[in-house]
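The values are calculated or read from the model by the stated rules, or taken from the named source; none is laboratory data. Quick caveat: nothing in here was measured; it's all calculated off a predicted structure. Cβ atoms come from the backbone with ideal geometry, glycine included; neighbour counts cover every protein chain shown. Remember, those area values only see protein heavy atoms, side chains included, never the ligands or the DNA or RNA. Shrake-Rupley method; radii C 1.70, N 1.55, O 1.52, S 1.80 Å.
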Amino acid sequence: MSAAIMDGKAVSALVRREVKERAALLASKGVKPGLAVVLVGDDPASQVYVRQKEKACDEVGFASFMRYLPASTDEKELLDLIDGLNSDPAVHGILVQLPLPKHIDKDRVAEAIRPEKDVDGFHPINVGRLTLGIETMEPCTPKGIVYLLEHYGIDIEGKRAVVVGRSNIVGKPVSLLLLSRNATVTVCHSRTKDLPDVTRQADILVAATGKPKTIGSSMVKGGAVVVDVGITRTQSGLIGDVDFDAVKEVASYITPVPGGIGPMTIAMLLLNALKAAEACASSSMRR
Ligand code: GUN
């Protein structure tokens, strides 16, 4: 039997509708949520993502502050721009699109964003809070993965979760979110020995390698829940890390590419920006 599809596009539309309602309520109290998105350089994929984020902001009634900087921008100029956004009361969330040009230190950039405006959840303080299990701004893609699993009623507690990929953006934080929900989590990476042997143990398998079709059907246990985070652009369209057509015959649930985790990431970005704006509004009311 073929797996049920976890429809990120449909679920993200529900999230965006809720965000729009809460944003309107906030705006009626005089606070319009504002999200700043900074793109340095002209990476075509990043340009697409940034445009999607701007469109999503417009649709839910946020103010978007788009900043397009040339690839030649030096680190100091970017840090100065972030400083300005940090102190702008109309900006509640700041996102600097990755990857950055090589001459800019992404860690220094992440540290420059005020933690309460860090809608990506990349600031070391927010990463530390996530690690400690303290309420924080959770990174958007991991948050979207868990949101989608929970939307489909997939029980995480006690399950064996295998995450393939250990990036700071997806692999590490999604492992922490799954762990916080009492999954038994294994993180695999390029040096993992006998990867198929590990992935076949997964009740929940998250593929975040960025390498198309790394996960074939022989790597998946019957009835597993499979989440595909990869998006690789090829001439024949977008391709995930999972061989969808083969794996859907083995899995119980699976996310498609496109239309799976991608739209969830943007929806979670909106939720994080809304959360930042709501926190800002309630702290100014207390003052
Ligand atoms: N590039 C790819 N994914 C992300 C993300 O989640 N946040 C940012 N800022 N850049 C990205």
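Odds and ends about this structure:
- Expressed as a whole percent, the accessible area of region 46-152 that falls on carbon and sulfur atoms is 54 (1.4 Å probe).
- Label-to-label distance, Y152 versus S236, with points set 7 angstrom from Cα along the beta-carbon direction: 2.4 nm.
- Largest accessible area first, the residues L148, L79, L14 order themselves as L14, L79, L148 under a 1.4 Å probe with ligands, DNA and RNA left out.
- Dimensionless Rg ratio for region 176-287, taking C-alpha atoms and the 2.2 N^0.38 Å reference: 1.33
- Taking every C-alpha pair closer than 8 Å and separated by at least 6 residues, the mean separation divided by the residue count of region 46-122 gives a relative contact order of 32 percent.
- For V119, the amide hydrogen comes within under 5 Å of the amide hydrogens of I94, counting only partners 5 or more places away or on other chains and with H modelled in the peptide plane.
- Convex hull of Cα atoms in region 86-144, direction-averaged projection (nm²): 4.6
- Region 35-95 versus region 171-203: alpha-carbon centroid distance in Å: 33
- ³J(HN,Hα), Karplus 6.51/-1.76/1.60, whole Hz, each residue of region 40-56, x for Gly, Pro: 10, x, 10, 4, x, 5, 4, 4, 5, 4, 5, 5, 4, 5, 4, 4, 4
- Normalised by the number of residues in region 1-140, the mean separation of alpha-carbon contacts (under 8 Å, six or more apart) gives a relative contact order of 21 percent.
- The R114 and R17 beta-carbon pair, evaluated with R₀ = 25 Å, returns a calculated FRET efficiency of approximately 0.30.
- Cα-based reach from K221 at 20 Å (exclusive), listing lysines while leaving out same-chain residues under 8 positions away: K159, K193, K213, K248
- Relative contact order for the chain, counting Cα pairs under 8 Å that sit 6 or more residues apart, in percent: 23
- The heavy atoms of E135 offer some 120 square angstrom of accessible surface to a 1.4 angstrom probe.
- Computed over the chain with a Gaussian network model linking Cα atoms closer than 10 Å, the most mobile of P139, P115, P70 is P70.
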